[in-house]
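To start, the structure itself, in structure tokens.
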Amino acid sequence: MFIHFGLETYQDTETDDFSTKLRDFNPSKLDTDQWVRVAESMNAKYIIFVAKHIGGFCLWQTDSTDYSVKQTPWRGGKGDVMADLAESCRKRGMLLGVYVYPGDLYHGSPASSGGKTQDPAKQEAYKKVYRQQMTEVLSRYGSMMEVWFDGSVRKDILDLTDLLDKYAPKAMKFQSPWATIRWVGNEEGFTPYPSWSTVSRAAGKSGVSESADSDPAGDAWLPIEADARLRDGWFYSSTSEKTIKSVDHLMDMYYRTVGHGAVLLLDLTPDKTGLIPEADAKRAAEFGAEITRRFGVWTARTNGPGSQLELMLGKPTVIDHVISMEDIRSGERVREYLVEGKTSGGWKPLATGTMIGHKKIDRFKPVEVSEVRLRVTKHAAPPIIRELAAYATGARPEAAERSDPKASLGLQPDWTRVMRWTANQFDGATATLNIDLTAQVDAAQQYELMVRPTEGDGELVIKTVDLFLESNKLPPEFVKRTQQSGVFNLNVTAFPSNKPDWCRVQVVLHNDHSTTSKGEVLLRKRPLK
């Protein structure tokens with residue numbers, strides 16, 4: 001479970017606009033025990049707490065800034081949300097992770113995505129602030145199972161290697177140069193299939209690898225965490241209760257994340273009182289209950305090594321799901337598989353796939369079988385199946401498969417033209433195109449940029465494509481050439497503050513026959529598989 005809470009909660013905003021005075025922050029009913037109970041009700045195994053978001057307000061007793069709970073009337077300025085939550089998690093055996101945004105609108109002139117300050121002269125001062133904040137949250141509140149770096153971190157300006165080695169050596173690191181896990185590439189609870197847990201070492205070291213970097217032959221292990229929201233917005237809003245997702249929608253997300261081998265990180269957000277609202281808590285419990293109802297009891301299960309595994313049901317039984325799991329301590333070895341059921345008329349195919357990995361949930365129309373067989377038809381090494389289980393859930397297949405994922409998640413693959421260029425924009429053989437993408441880039445996810453000629457002679461060469469957020473040029477790993485000519489993947493990992501010119505790209509072209517050159521630049525959200 002993800003938890004976003006802060007001054008934004010009082011503003012109905014996603015980014016602190018500084019309209020809330022510190023004297024007005026007083027969540028009188030704040031109860032982190034309730035937060036943990038809600039997490040348990042939906043079968044969550046850990047909580048990631050946003051201790052500081054982009055505005056810079058700190059929810060613990062920090063000495064790094066005068067913009068924290070220490071300067072509020074809540075509990076007489078002695079309150080510490082981080083300490084409360086750590087104790088609540090410890091009592092219940094819930095694992096805890098922490099998110100401290102690398103940027104900071106309050107500090108650093110301000111510091112933006114990656115922790116870079118707009119005024120270079122203030123960079124060293126902000127580095128000290130952020131290092132102190134990370135030292136405090138990692139050293140005071142017990143062991144952290146995950147450290148979440150939203151939008152990654154610029155290691156050249158905020159090197160935290162020594163702190164992470166000292167205080168969080170075993171913690172998962174989300175994004176950043178120290179990444180051990182990676183982002184899925186959207187905030188909709190959808191993991192494309194297949195999304196292998198392995199990537200190339202170069203992609204892993206970039207700190208911003210995601211599902212598109214999946215490589216079954218990769219030599220770096222970075223499983224996927226897929227973040228999503230229970231209601232629209234990461235923070236509580238007084239107007240968003242009507243957007244709370246249905247159980248069907250949440251189960252669809254579950255199939256497309258957990259059922260695709262990823263971890264689902266679902267955001268719930270306390271309101272102004274400090275409690276998760278009753279409607280949200282109720283839906284989370286309903287979600288957890290439905291997961292348990294479907295998968296809490298199996299019809300039959302087995303495990304074992306080898307490329308074929310049989311599961312005997314004892315007698316003809318109606319089933320509608322099969323869950324397969326590899327023993328990933330030995331890697332993801334399966335490359336293609338077939339699930340079959342033995343009916344009165346013989347063996348019948350039930351499901352096929354490529355990756356199994358940690359978990360693959362296959363769903364199909366109810367069928368009566370006496371035996372289930374998993375046949376691995378292609379593998380990188382002898383498979384080791386940790387579990388093969390059959391289930392009779394009674395879930396409607398048409399509900400589970402009710403729509404195309406691209407449409408249901410609002411991620412359409414249609415291209416939008418964002419610029420045309422002509423020969424007049426060339427200076428000799430070179431043209432530099434500055435393209436404002438603010439209107440098109442509206443969420444943290446992957447986008448594809450296509451640069452293509454429409455008229456002219458000669459060979460057009462795309463020399464560079466650079467991505468800028470809030471006037472900061474992002475490191476080159478945020479822009480990746482794809483195998484398709486002229487198409488680039490833009491990795492927008494953190495959605496910045498509400499500035500009118502916060503996102504643009506700069507494209508440098510070269511053409512020896514520039515006097516006849518015309519073309520266009522297109523953009524789309526990366527389509528989901």
**Study point:** Failed item, numbered, when Gly77 is tested on (1) surrounded by fewer than 23 Cβ atoms within 10 Å (Cβ to Cβ); (2) in contact (Cβ under 8 Å) with a residue 12 or more places away in the chain
**Key:** (2)
Exercise for review: Tell me, please, whether a residue that is at pLDDT 95 or above and either of a type in the set (Ser, Thr, Tyr) or not assigned by TED's automatic domain parsing to the domain that holds Thr454 (or both) can be found in the range 393-412.
Suggested key: yes
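Which residues, counting only those in the range 255-267, are part of a helix (DSSP H, G or I) and either acidic (Asp, Glu) or buried (at least 24 other Cβ atoms within 10 Å of the Cβ) (or both)? Lay out the reasoning, then the answer.
Of all residues in the range 255-267, those part of a helix (DSSP H, G or I) come to 255-260.
Of everything in the range 255-267, those that are part of a helix (DSSP H, G or I) and either acidic (Asp, Glu) or buried (at least 24 other Cβ atoms within 10 Å of the Cβ) (or both) turn out to be Arg256, Thr257, His260.
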Point to revise | Counted residues, the range 2-34 - those being modelled with pLDDT under 95 and acidic (Asp, Glu) | key: 4
Revision key, fill the gap. Note: among Gly97, Gly76, just one is more than 25 Å from Asp12 (Cβ to Cβ), assigned by TED's automatic domain parsing to the domain that holds Asp156, modelled with pLDDT of 95 or more and in a strand (DSSP E or B), namely Gly97
Point to revise | Residue that is modelled with the lowest pLDDT, among those in the range 43-54 that are crowded, with 24+ Cβ neighbours inside 10 Å and in a loop (DSSP other than H, G, I, E, B) | key: Ile54
Practice item. Kindly check whether there is at least one residue in the range 280-303 that is touching a Pro at 6+ places or on another chain (Cβ under 6 Å) and not acidic (Asp, Glu). Key: no
Practice item. Go through (1) modelled with pLDDT under 95; (2) buried (at least 20 other Cβ atoms within 10 Å of the Cβ) and name the single condition Trp148 misses. Key: (1)
Check your understanding: Quick one: is Glu310 in contact with a Ser or Thr (Cβ under 6 Å, 6 or more places away or on another chain), at pLDDT 95 or above and surrounded by fewer than 17 Cβ atoms within 10 Å (Cβ to Cβ)?
Key -> no
Review point. Mind checking which residues of the range 197-220 are surrounded by 19 or more Cβ atoms within 10 Å (Cβ to Cβ), part of a loop (DSSP other than H, G, I, E, B) and touching a helix residue (DSSP H, G or I) at 6+ places or on another chain (Cβ under 8 Å)?
Key: Ser197, Gly207, Val208, Ser209, Gly218
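Each row is one residue, and each column tells you yes or no for (1) part of a loop (DSSP other than H, G, I, E, B); (2) over 30 Å from His249 (Cα atoms).
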| position | (1), (2) |
| --- | --- |
| His107 | yes, yes |
| Gln123 | no, yes |
| Tyr130 | no, yes |
| Asp156 | yes, yes |
| Ser176 | yes, yes |
| Glu188 | yes, no |
| Ser195 | yes, no |
Check your understanding: Only one residue in Pro223, Pro270 is touching a strand residue (DSSP E or B) at 6+ places or on another chain (Cβ under 8 Å), modelled with pLDDT of 95 or more and surrounded by fewer than 22 Cβ atoms within 10 Å (Cβ to Cβ), so which one is that?
Key -> Pro223
Review point. Does at least one position in the range 174-192 carry a residue that is touching a residue at least 12 places away in the same chain (Cβ under 8 Å), aliphatic (A, V, I, L, M) and in contact with a Gly (Cβ under 6 Å, 6 or more places away or on another chain)?
Key: yes
Revision key, fill the gap. The residue from Lys116, Lys127, Lys122 that alone is in contact with a Gly (Cβ under 9 Å, 6 or more places away or on another chain), under 19 Å from Thr62 (Cα atoms) and among the charged types (D, E, K, R) is Lys127
Review point. Taking Thr62, is it modelled with pLDDT under 95 and not hydrophobic (A, V, I, L, M, F, W, C)?
Key: no
Check your understanding: Among the numbered criteria (1) more than 25 Å from the chain's Cα centre (by Cα); (2) closer than 22 Å to Lys205 by Cα; (3) crowded, with 23+ Cβ neighbours inside 10 Å, which single criterion is violated by Lys166?
Key -> (3)
Practice item. Only residues in the range 34-47 that are touching a residue at least 12 places away in the same chain (Cβ under 8 Å) count as the first member; pair them with residues that are part of a helix (DSSP H, G or I) and among the β-branched types (Val, Ile, Thr), Cβ under 8 angstrom, at least 6 apart or cross-chain, and list the lot. Key: Met42/Ile291; Asn43/Ile291; Asn43/Thr292; Ile47/Val36
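Suppose we keep only residues that are among the polar types (S, T, N, Q) and farther than 16 Å from Ile54 by Cβ within the range 93-143. Which one would you say is surrounded by the most Cβ atoms within 10 Å (Cβ to Cβ)?
Checking each candidate, the answer is Gln123.
Residue by residue, here is whether (1) outside the structural domain of His249 (by TED's automatic domain parsing); (2) hydrophobic (A, V, I, L, M, F, W, C); (3) without any contact (Cβ under 8 Å) to a residue 40 or more places away in the chain holds:
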{"position": "Ala281", "(1), (2), (3)": "no, yes, no"}
{"position": "Ile291", "(1), (2), (3)": "no, yes, no"}
{"position": "Pro316", "(1), (2), (3)": "yes, no, no"}
{"position": "Gly331", "(1), (2), (3)": "yes, no, no"}
{"position": "Val339", "(1), (2), (3)": "yes, yes, yes"}
{"position": "Ser344", "(1), (2), (3)": "yes, no, yes"}
{"position": "Gly357", "(1), (2), (3)": "yes, no, no"}
{"position": "Val376", "(1), (2), (3)": "yes, yes, no"}
{"position": "His379", "(1), (2), (3)": "yes, no, no"}
Review point. Ala285 passes all but one of (1) of a type in the set (Gly, Ala, Ser); (2) under 26 Å from Val334 (Cα atoms); (3) touching a helix residue (DSSP H, G or I) at 6+ places or on another chain (Cβ under 6 Å); which number fails?
Key: (2)
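The values are calculated or read from the model by the stated rules, or taken from the named source; none is laboratory data. Source: prediction; values computed, not measured. So basically every Cβ, Gly included, is an ideal-geometry build from the backbone, and we count neighbours across all protein chains shown.
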